[in-house]
Amino acid sequence: MTNENYVSKTVASLPPSGIRKFFDLAANMEGVVSLGVGEPDFVTSWSVREAAIHSLEEGRTSYTANAGLLELRTEIAGYMEQAFNVSYQPEHQILVTVGASEGIDLALRSIINPGEEVLVVSPCFVSYAPLVTMAGGVPKIIHTTGENQFKLTPAELEEAITPNTKAMIICSPNNPTGTQLNKEELIKIAEIIKKNDLLVIADEIYAELAYDETFTSFASVGDMINRTILINGFSKSFAMTGWRLGFVCAPREILEAMLKLHQYTMMCAPTMAQYGALEALKHGWDDVEDMRTSYRQRRNYIVKSFNEIGLTCHNPGGAFYAFPSIAKTGLSSQKFAEKLLLEERVAVVPGDVFGESGEGYIRCSYASSLVQLQEAVKRIARFMKNYQ
Ligand SMILES: Cc1ncc(COP(=O)(O)O)c(C=O)c1O
């Protein structure tokens with residue numbers, strides 16, 4: 001018996017993240033321009049770093065309340081109210097988590113009974129389906145298409161629902177497509193959710209990175225606040241990926257269930273990170289605006305460039321990903337990404353790692369400097385000459 005045999009069947013059945021596989025390859029090469037990573041190229045604002053340092057200087061090195069510093073939860077409640085017009089009680093409806101990642105995991109584990117189905121709108125963030133499986137549920141994939149800018153339609157949603165369906169995970173603006181759903185679209189989806197008595201896990205981690213249309217929180221639509229587990233965090237909007245800090249807002253009974261899991265597994269989110277986050281919410285908004293302006297400029301540049309090169313690309317409304325079609329080359333997403341890396345040293349992520357519906361596309365993160373983006377475009381244009 002090898003040690004492999006000790007690994008649980010559920011874990012053994014999960015595929016490794018396709019993103020990492022590709023990066024391990026790129027990491028060993030010289031001169032690679034990377035459009036691969038899904039994280040800001042900005043460093044966290046100095047005042048936020050300073051607040052964390054200051055908390056250490058003051059010796060605040062112990063656990064906080066399991067749900068997070070009440071002061072931080074109160075600030076989060078204020079932000080949710082002001083930015084998205086939704087009211088949550090800091091004492092009972094907000095939980096500070098170790099990144100949005102923990103929030104998604106807790107949400108799933110606190111609602112799923114064995115065998116219940118969770119709808120996953122694909123292409124999507126790589127962790128959704130595996131986390132559903134790990135929670136004992138069954139991920140049911142809803143495929144969206146490039147022709148419709150990867151927007152979930154009410155008909156697609158309706159068709160996927162069965163008597164076993166418990167919830168849906170939705171992410172807008174989306175990773176990897178950048179697609180943002182507007183208020184009217186969310187209203188139509190909400191009607192179906194309500195009619196079928198489902199819950200929604202709304203991953204709104206990119207809420208602050210919306211470039212054209214005003215962002216609408218799912219929880220603000222109709223009475224969806226009672227059916228929504230809202231996931232958000234500091235990683236993307238405040239350039240704080242390494243701080244591992246997110247938060248969840250949810251109906252009280254669900255939040256209490258999540259808190260139970262959180263207190264047995266994490267106890268609380270890191271204390272110094274919570275002090276940093278408090279400063280970010282209080283005084284970090286000018287920096288968020290600057291970063292958003294910069295991403296918008298980069299988005300405009302890269303989408304225009306891709307379309308000029310012959311890589312058809314819809315205009316993504318938010319996040320920091322472009323998702324161009326590579327259909328013209330006749331290559332699979334994996335082959336395209338591999339050839340591009342080997343021949344031109346540009347790292348992108350093959351679209352199929354985000355689900356089958358991403359096949360024929362590549363994800364390009366534009367959270368890179370304009371100079372880097374220009375270099376990447378130059379190299380991709382040269383690569384595409386082989387496919388004219
Ligand atoms: C859609 C989405 N949700 C959640 C996360 C994880 O965020 P965090 O760093 O806060 O765990 C990511 C990170 O890439 C993401 O793209």
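Scanning region 199-235 for residues that are within 16 Å of the ligand (Cβ to nearest atom) and assigned to a loop (DSSP other than H, G, I, E, B) gives GLU204, ILE205, TYR206, ALA207, GLU208, LEU209, PHE215, SER217, PHE234, SER235. Suppose the filter is more than 23 Å from the chain's Cα centre (by Cα) and open to solvent by less than 20 Å² (accessible area, probe 1.4 Å); does LEU331 pass it? Considered against the rule, which asks whether it is more than 23 Å from the chain's Cα centre (by Cα) and open to solvent by less than 20 Å² (accessible area, probe 1.4 Å), LEU331 comes out as no. The single condition among (1) over 19 Å from the mean Cα position of the chain (by Cα); (2) aliphatic (A, V, I, L, M); (3) open to solvent by less than 40 Å² (accessible area, probe 1.4 Å) that ILE104 does not satisfy is (1).
Using the structure shown, decide if SER45 is away from the ligand (no atom under 16 Å from the Cβ), modelled with pLDDT of 95 or more and surrounded by fewer than 16 Cβ atoms within 10 Å (Cβ to Cβ). No.
Report yes if TYR264 is modelled with pLDDT of 95 or more, of a type in the set (Phe, Trp, Tyr) and either touching a Lys or Arg at 6+ places or on another chain (Cβ under 7 Å) or more than 24 Å from GLY38 (Cβ to Cβ) (or both), otherwise no. When the stated conditions are applied, TYR264 passes them.
Close contacts from region 99-121, counting a first residue that is small (Gly, Ala, Ser) and a second that is part of a helix (DSSP H, G or I), with Cβ to Cβ under 7 Å and a gap of 6+ residues or different chains, come to ALA107/MET258; SER110/ILE254; SER110/ALA257; SER110/MET258; SER110/LEU261. So which residues in region 236-267 are open to solvent by less than 10 Å² (accessible area, probe 1.4 Å) and near the ligand (Cβ under 9 Å from one of its atoms), if there are any at all? Scanning region 236-267 gives MET240, LEU245, GLY246. Checking GLU4 against (1) in a helix (DSSP H, G or I); (2) charged (D, E, K, R); (3) within 26 Å of CYS249 (Cβ to Cβ); (4) open to solvent by 40 Å² or more (accessible area, probe 1.4 Å), which single condition isn't satisfied? Result: GLU4 passes all but (3).
Taking (1) farther than 30 Å from ILE19 by Cα; (2) surrounded by fewer than 22 Cβ atoms within 10 Å (Cβ to Cβ); (3) away from the ligand (no atom under 16 Å from the Cβ) in turn, SER110 satisfies each apart from (1).
Here the condition is being more than 30 Å from PHE150 (Cβ to Cβ) and within 15 Å of the ligand (Cβ to nearest atom); of VAL121, VAL96, it holds for VAL96 alone. Number of residues in region 19-40 that are free of Cβ contacts under 8 Å to residues at least 40 places away in the same chain and within 15 Å of the ligand (Cβ to nearest atom): the value is 1. Screening GLY310 against (1) more than 16 Å from the ligand (Cβ to nearest atom); (2) touching a residue at least 12 places away in the same chain (Cβ under 8 Å); (3) closer than 30 Å to VAL96 by Cβ leaves a single unmet condition, (3).
The residue of region 334-354 that is nearest to SER305 (Cα to Cα), among those that are open to solvent by 10 Å² or more (accessible area, probe 1.4 Å) and among the aliphatic types (A, V, I, L, M), is LEU342.
Scanning region 62-73 for residues that are surrounded by fewer than 16 Cβ atoms within 10 Å (Cβ to Cβ) and under 20 Å from SER220 (Cβ atoms) yields no hits at all. Could you grab me the full set of residues in region 74-97 that are within 10 Å of ARG252 (Cα to Cα) and surrounded by fewer than 20 Cβ atoms within 10 Å (Cβ to Cβ)? Hits for region 74-97 are GLN89, GLU91, HIS92.
Scanning region 140-152 for residues that are open to solvent by 40 Å² or more (accessible area, probe 1.4 Å) and either among the acidic types (Asp, Glu) or not in a helix (DSSP H, G or I) (or both) gives LYS140, ILE141, HIS143, THR145, GLU147, GLN149.
The values are calculated or read from the model by the stated rules, or taken from the named source; none is laboratory data. The structure presented is a predicted model; accordingly, all values stated were derived computationally and were not measured. Reconstructed Cβ throughout: ideal geometry from the backbone, glycine too, with neighbour counts over all protein chains shown. Areas reflect the complete protein model, heavy atoms only, side chains present, ligands, DNA and RNA absent. Shrake-Rupley method; radii C 1.70, N 1.55, O 1.52, S 1.80 Å.
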